[in-house]
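Questions regarding the structure given below will be posed in turn.
Values quoted throughout were computed directly from the atomic coordinates according to the rules given, and no laboratory measurement underlies them. Computed from a prediction, not measured in an experiment: that's the story for all the values here. Don't worry about glycine lacking a Cβ; one is built from the backbone with ideal geometry, like all the others, and counts go over all protein chains shown.
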């Protein structure tokens, strides 16, 4: 399998969280806890790790910048329109792991809806 180099903030935070979990799970203090307490600790920190990994994945998709404009074709073969205006749109999405942030570039034409070339969900 080809190794992919990932360099974004969320990926770095996920690596740090994994290292924290690993240090905690093998620590002297943790060995004295009940198995249930260890299990609950792993579950809580593990969900945060998975949330960070998902955030990193979304960030790697990019903002969807495909150029200075897009051509939008009409469903009924009535031609096309050029959307030349852009705006960064941000939203929070609640996932099974917790909230993540999605940032996408929206293309629009005055009086028309935004179109996002990079769909996040």
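When the helix-only estimate is applied to the chain (DSSP H runs of n ≥ 4, each -39,500 (n - 2.57), divided by the residue count), what is the mean residue ellipticity at 222 nm, nearest 500 deg cm²/dmol?
Working: 3 runs with 47 residues, N = 121.
Result for the chain: -13000 deg cm²/dmol, rounded to the nearest 500.
Can you tell me which of 50-57, 65-72 comes out highest on packing, and rank the rest after it, using the mean Cβ neighbours within 10 Å?
Working: 50-57: 19.5, 65-72: 12.1.
Output ranking for 50-57, 65-72: 50-57, 65-72.
Quick check on the chain: what does the Kirkwood estimate of hydrodynamic radius come out to from the alpha carbon pairs, in Å?
Working: mean 1/r = 0.0569 Å⁻¹.
Here the Kirkwood hydrodynamic radius works out to 17.6 Å.
How far apart, in nm, are the 7 Å Cα→Cβ label points at residue 40 and residue 87?
4.6 nm
Additional query: Can you give me the distance in nm between label points at residue 75 and residue 48, each placed 7 Å from the Cα along the Cα-to-Cβ direction?
Spacing of the two 7 Å Cα→Cβ label points: 4.6 nm.
Still on this model: List residues of segment 19-53, by number, whose backbone nitrogen lies under 18 Å from a label position 7 Å along Cα→C-beta of residue 97.
19-22, 41-53
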